[in-house]
Amino acid sequence: MTELKARIKVMPVHAFVMIFAALYSFISIFIPMFELFVQYVPYRTYSLFTLLLNPRVFTRIRSGSVNLNFQSFAAWAFVITIVLAVAALTLSISYPFYYNSSKKRKIGYLSVLVLFVGRAVAHVVTLSKMVSEEMISSNNLTPQRLYVAQSFAGNLLVIVLFIGVAACLYGALNLKMNYKIFAYPYLAWIVIFTILPLILILFRAFFKKAAGGGYEFTTAGFNVLFQNKTVTTRFYGAEVTLQEYFSIFLRSFDYALWTTIGCLLLGYPASYILARRSKIKRQSGSRLLMLFVLPMWMNTMLRTYAWRAFFSETGVCNTILQQIGVIDAPILFLKNEVLADIITKLVMTNDFLPFMILPLYSVLVKLDDSLSEAAYDLGATRAQTFFKVTFPLSLPGVISGIQMVFMPSLTFYMIPDILNEGSKTTIGNTVQNFILNESTTYNQAGNVLSLLLLIFVLITMGILRGQDKEAGGGMAL
């Protein structure tokens, strides 16, 4: 018994993972994993064991009856599965416990790996072959009206077997646990979902598919964006004539700039108050902070339509103003160009405010109060202490908040699109329209515009990162 405990203590983590996978593989034989559907309705849930005990199905439907017999199928499926599961469980327990030779353990890991793969194949075959074509035709049904689906336990079995195979492979290769390996999935995620799409955008910006196959270099996308086409638009009540897509970028930049400024002006005092309150109450978090985060749990589109209803002709705002006698007739907030512009920036500020508050709060709550007290002792006023001590030390949070608000709001188009009913085109709308256009030239223009936006964002991030290093921030971006 003492020797057994000693062996358990020195067993590697992957061996426990392998044993757990083998154990679940065996137990799953008795867990309902297959759900039989008749006429689109779930009729009965089976495990392999219950399928063996109760293989007959008879039920009446509108067009007649359904008569199934799984006896022969259940017999061989149960035998094959239980042999694989018992063998995997036996080997997974015996090899790590009773064999000291690394060579024998390697053989054991590989053997269990093969058994896990076999168990997974048997499970898939059982799922796909349980209802045969003969059963479907003999009961005058279709595969859509008579079929077997996998339950949650079946999905879990596939995941557990996959993890078990990974654990066996880890043990067979005699790898040592290194916490750096946990970074590999993250790196793979970055490569697949960040770097490769950017490479694809770069490629599509300069190349298009040729008529005879292959790709050819072209700058047609740049020609679309920088064509000599001007539009007259209004900014802050003044009419200006600008190049078409530059005016769109300028409007998007205007929205992003004022959204960032609004979030900073509202978010910094709120974060400061929340941080002070947390320190006074000696809490690691703030319940009031949750009030700012809660709106993020609601869909952005629903929140925007709620704001649109609030400012509509018969909305809450006009109703209150009329009832208290401030106005006689409803104000068309969203039809007036100046008011609609202000409301759009207000709603965007409200939407992105949590992204400013969270990084600011996380920095302010960690500031040492003794620094402010030292400034007071040296004769500084509250204003001087704030501008010379507190604010400079909170600059990393300010810069993080600016990055988290400015970058997304630059290309965000849902709020302006809904509030202005599509009358104001933003850079996000333009990219979407280009990409969805059937013309390959406009598709390329969309990729070119995305590439230019990426360059602009990288330059902005580089400037902000430089400021953050000067402030002693050390951001990881």
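The values are calculated or read from the model by the stated rules, or taken from the named source; none is laboratory data. This structure is a prediction, so every number in the text was calculated from the model and none was measured. Note: ideal-geometry Cβ built from the backbone for every residue, glycine included; neighbour counts use all protein chains shown.
All told, E438 falls short of being at positive phi, acidic (D, E) and either in a loop (DSSP other than H, G, I, E, B) or surrounded by fewer than 15 Cβ atoms within 10 Å (Cβ to Cβ) (or both).
Pick out the one residue from T460, T425 that is surrounded by 13 or more Cβ atoms within 10 Å (Cβ to Cβ), at pLDDT 80 or above and under 20 Å from G401 (Cα atoms).
Working: T425 fails: under 20 Å from G401 (Cα atoms).
The unique qualifying residue is T460.
Scanning the stretch 316-334 for residues that are part of a loop (DSSP other than H, G, I, E, B) and either closer than 21 Å to T304 by Cα or among the small types (G, A, S) (or both) gives G325, A329, P330, I331, L332, F333, L334. Scanning the stretch 357-377 for residues that are surrounded by fewer than 17 Cβ atoms within 10 Å (Cβ to Cβ) and aromatic (F, W, Y) turns up just one, Y376.
Residues of the stretch 439-462 that are under 17 Å from F226 (Cα atoms) and aliphatic (A, V, I, L, M): A445, V448, L449, L451, L452, L453, I455.
One line per residue, one yes/no per condition, for (1) farther than 16 Å from L91 by Cβ; (2) among the hydrophobic types (A, V, I, L, M, F, W, C); (3) at pLDDT below 85; (4) assigned to a helix (DSSP H, G or I):
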{"residue": "H14", "(1), (2), (3), (4)": "no, no, yes, yes"}
{"residue": "I19", "(1), (2), (3), (4)": "no, yes, no, yes"}
{"residue": "A22", "(1), (2), (3), (4)": "no, yes, no, yes"}
{"residue": "F26", "(1), (2), (3), (4)": "no, yes, no, yes"}
{"residue": "L36", "(1), (2), (3), (4)": "yes, yes, no, no"}
{"residue": "R44", "(1), (2), (3), (4)": "yes, no, no, no"}
{"residue": "L52", "(1), (2), (3), (4)": "yes, yes, no, yes"}
{"residue": "R60", "(1), (2), (3), (4)": "yes, no, yes, no"}
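Answer yes or no as to whether N69 is farther than 30 Å from V165 by Cβ and surrounded by 13 or more Cβ atoms within 10 Å (Cβ to Cβ).
On the way: farther than 30 Å from V165 by Cβ: yes; surrounded by 13 or more Cβ atoms within 10 Å (Cβ to Cβ): no.
Answer is no for this residue.
Among the strands (runs of 3 or more DSSP E) confined wholly to the stretch 122-230, which include 1 or more residues that are β-branched (V, I, T) and modelled with pLDDT of 85 or more? Explain how you work it out, then say what you get.
On the way: elements: 146-150, 207-209, 215-217.
In the stretch 122-230, 146-150 are the strands (runs of 3 or more DSSP E) which contain 1 or more residues that are β-branched (V, I, T) and modelled with pLDDT of 85 or more.
If you scan the stretch 378-407, which residues turn out to be surrounded by fewer than 16 Cβ atoms within 10 Å (Cβ to Cβ) and not in a loop (DSSP other than H, G, I, E, B)? Give the derivation first.
Let us first name the residues in the stretch 378-407 that are surrounded by fewer than 16 Cβ atoms within 10 Å (Cβ to Cβ), namely 378-379, 381-384, 387-388, 391-392.
Correct list: R382, A383, Q384, F387, K388, F391, P392.
Scan the stretch 322-336 and tell me whether some residue there is touching a helix residue (DSSP H, G or I) at 6+ places or on another chain (Cβ under 6 Å), crowded, with 16+ Cβ neighbours inside 10 Å and at pLDDT 90 or above. There is no residue in the stretch 322-336 that is touching a helix residue (DSSP H, G or I) at 6+ places or on another chain (Cβ under 6 Å), crowded, with 16+ Cβ neighbours inside 10 Å and at pLDDT 90 or above.
Residue check: K209 meets all listed conditions (1) under 16 Å from L454 (Cα atoms); (2) in contact with a strand residue (DSSP E or B) (Cβ under 8 Å, 6 or more places away or on another chain) but one, namely (1). When F253, F235, F246 are screened for being exposed (fewer than 15 other Cβ atoms within 10 Å of the Cβ), in the same structural domain as D341 (by TED's automatic domain parsing), of a type outside the set (D, E) and at pLDDT 80 or above, only F246 passes. Scanning the stretch 237-279 for residues that are among the hydroxyl-bearing types (S, T, Y) and not in a helix (DSSP H, G or I) turns up just one, T241. Restricting attention to the stretch 287-311, the residues being surrounded by 19 or more Cβ atoms within 10 Å (Cβ to Cβ) and among the hydroxyl-bearing types (S, T, Y) number 1. When K103 is tested against (1) more than 24 Å from M33 (Cβ to Cβ); (2) in contact (Cβ under 8 Å) with a residue 60 or more places away in the chain, just one condition goes unmet, and that condition is (2).
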